[in-house]
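**Student:** The structure follows.
The values are calculated or read from the model by the stated rules, or taken from the named source; none is laboratory data. Remember, predicted model here, so these are calculated numbers, not experimental data. Because the Cβ atoms are built from the backbone with ideal geometry, glycine has one as well, and the counts that use them run over all protein chains shown. Each accessible area value is taken on the protein alone, full model and side chains, heavy atoms only, with ligands, DNA and RNA left out. Shrake-Rupley method; radii C 1.70, N 1.55, O 1.52, S 1.80 Å.
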Amino acid sequence: MSERYGVSPKDARHMLDHYGEKCDRLVDEHERHHITGICRIYAWNLEKTEDYPARRKVGVGNKKCGWLLSELLHWIHNQPLS
């Protein structure tokens, strides 16, 4: 298994600036799909192998979760060309 997918604060800021975003935020499933273009099952499988940004829970005891925008943008920006 690879090292857990993560982005340094410097890289996160660079990605947000590159895409014109003022601040980092959590995005929901619908927006995640719109940003990455990959289906939920494929994203889930990549997440299990730690090759994709992990979901983060929103609040305590809440079932809601989301992904950090900076990590999704970094993941897209760093995909190998096929």
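**Student:** Check the straight Cα-Cα distances from K63 and name the lysines below 25 Å, setting aside those fewer than 8 residues away within the same chain.
**Tutor:** Output for K63: K48.
**Student:** According to a simple spin-label model (label point 7 Å from Cα along Cα-to-Cβ), what is the distance in nm between H34 and H77?
**Tutor:** My value for the distance between the label points is 2.1 nm.
**Student:** Using the Karplus curve 6.51 cos²θ - 1.76 cosθ + 1.60 with θ = phi - 60°, what ³J(HN,Hα) values do you get for each residue of segment 51-61, in whole Hz, with x for Gly and Pro?
**Tutor:** Using θ = phi - 60°, the values come out as 9, 8, x, 7, 5, 10, 6, 9, x, 9, x Hz.
**Student:** Of the accessible area of the chain, with the probe set at 1.4 angstrom, what percent is carbon plus sulfur?
**Tutor:** C and S atoms contribute 55 percent here.
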